[in-house]
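The values are calculated or read from the model by the stated rules, or taken from the named source; none is laboratory data. Not measured: the values here are computed from a predicted model. Cβ coordinates were reconstructed from backbone atoms using ideal geometry, including for glycine residues, and neighbour counts include every protein chain displayed.
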Amino acid sequence: MRKRTSKPRRYRHHIKVLKSEVMTPRIAWFSFLSVLKTLSKVAIVLALLLGVAYGIRQAIEYSFHRNPDFRLQAIDLNENDVLDEAGVVEYLNIDLSANIFDFDVEHLEEQLLLIPAISVAEVKRDLPGTLEIRIKTRQPAAWIACPDEGFPAKRRREALLVDQEGFPYPCPPSQVDVCKDLPILLLTSITGKNITPGKTLDHPQYKHCLHLLKAISKRNPADLAMIETISQETEWSLKVVTRSQTSATFGLGNHERQLDYLDQALNHAQKKGYHIETINLIPKRNIPITVSGDAEPPRAIPVPEPDTVNLPESRREQDLRTLLNRN
């Protein structure tokens, strides 16, 4: 094996020696000229490509970016309750004298999505000179309050709203009037269940309050304006305080029946001229209430619940009197 491998090695050595012997200055010069010629061709090709690229760039620059026909002429913004055209110009720092192609539409979309009240943003160029902006704002379901975590029970700018998907966000100035009639969901601080603006709520009390809120909205959306706060009073009950300061206790379920009875009781109290201070709607047959307007101080009175289905109006009125202990 050694003899076989030694011959090729010796042969390669002779080739190297031969090359070195025949490499004269003349041959070296022609080799250099050949390499230089090749490099010159590559340089010419590169120069041509760079020239073409520069020419295309200049053509685009003059045809689009420096073309006065493509100057920004209008901002087409869809109707919404968060931003108007002036607000968009100020927030995005838009140069009204700029060319329509000078705007990075993807960057503008990212900037709009930084506003918590905006859930979807789309920006497009509508040639020759219109910047089309379409945004979708969050639809608030209620106010969120947690005084222990620094979120007061207020209906004002920067107070927390929560949308239909449970996303809490600071109320923008333009939504204050729109949301002034929404209830406040009053939550307590729970370790590990902190309320963070911009992060979907994962709070057990919120879920229970939301269940009742949806039942109210389904039954009659106008009734939401009558509610001041909804909170979880115990592990098995919710408390609703109306704008007229009636405190109603609900269970965690069966809200339809409880809402029907509350509506009947409040209507009867308004008709007869007294005020219900507290009412416990959890029992099906004996409903404890306290009322004001009597000579004696209000006290809880367990009374039978009437069956008002298919009853004549006179019988229903009589049962309501019995129910509210107003005979």
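Some points to look at:
- Residue that is surrounded by the most Cβ atoms within 10 Å (Cβ to Cβ), among those in the stretch 88-111 that are free of Cβ contacts under 8 Å to residues at least 24 places away in the same chain and closer than 17 Å to Ser174 by Cα: Val89
- Scanning the stretch 82-106 for residues that are within 21 Å of the chain's Cα centre (by Cα) and in a helix (DSSP H, G or I) yields Glu85, Gly87, Val88, Tyr91, Leu92, Val105, Glu106.
- The requirement of being over 25 Å from Cys179 (Cα atoms), at pLDDT below 90, touching a Ser or Thr at 6+ places or on another chain (Cβ under 8 Å) and surrounded by 14 or more Cβ atoms within 10 Å (Cβ to Cβ) is satisfied by Pro298.
The rows are residues; the columns are (1) at pLDDT below 90; (2) closer than 30 Å to Asp177 by Cα.
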{"residue": "Ile56", "(1), (2)": "yes, no"}
{"residue": "Glu61", "(1), (2)": "yes, no"}
{"residue": "His65", "(1), (2)": "yes, no"}
{"residue": "Asp81", "(1), (2)": "yes, yes"}
{"residue": "Val89", "(1), (2)": "no, yes"}
{"residue": "Ile94", "(1), (2)": "no, yes"}
{"residue": "Val105", "(1), (2)": "no, no"}
{"residue": "Gln111", "(1), (2)": "no, yes"}
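- Arg125 being over 30 Å from Asp181 (Cβ atoms), of a type in the set (Lys, Arg) and surrounded by 12 or more Cβ atoms within 10 Å (Cβ to Cβ): yes
- Any pair with Cβ under 9 angstrom, 6 or more apart, that starts in the stretch 59-85 at a residue that is within 30 Å of Ser119 (Cβ to Cβ) and ends at one that is of a type in the set (Lys, Arg) and modelled with pLDDT of 85 or more: Asp76/Arg134; Leu77/Arg134; Asn78/Arg134; Asn78/Lys136; Asn80/Lys136; Val82/Arg138
- The single residue among Ser20, Ser31 that is at pLDDT below 80 and surrounded by 10 or more Cβ atoms within 10 Å (Cβ to Cβ) turns out to be Ser31.
- Of note, Cys171 does not satisfy the criterion of being surrounded by 15 or more Cβ atoms within 10 Å (Cβ to Cβ), more than 30 Å from Asn78 (Cβ to Cβ) and modelled with pLDDT of 90 or more.
- Residues in the stretch 225-256 that are farther than 21 Å from His275 by Cβ, in contact with a Leu (Cβ under 8 Å, 6 or more places away or on another chain) and not in a strand (DSSP E or B): Trp236, Leu252, His255.
- Filter result for the condition that a residue is surrounded by fewer than 16 Cβ atoms within 10 Å (Cβ to Cβ) and closer than 30 Å to Leu210 by Cα, over Asp181, Asp163: Asp181
- Taking the listed residues Glu79, Glu109, the one that is of a type outside the set (A, V, I, L, M, F, W, C), farther than 29 Å from Lys214 by Cα and under 19 Å from the mean Cα position of the chain (by Cα) is Glu109, with no other qualifying.
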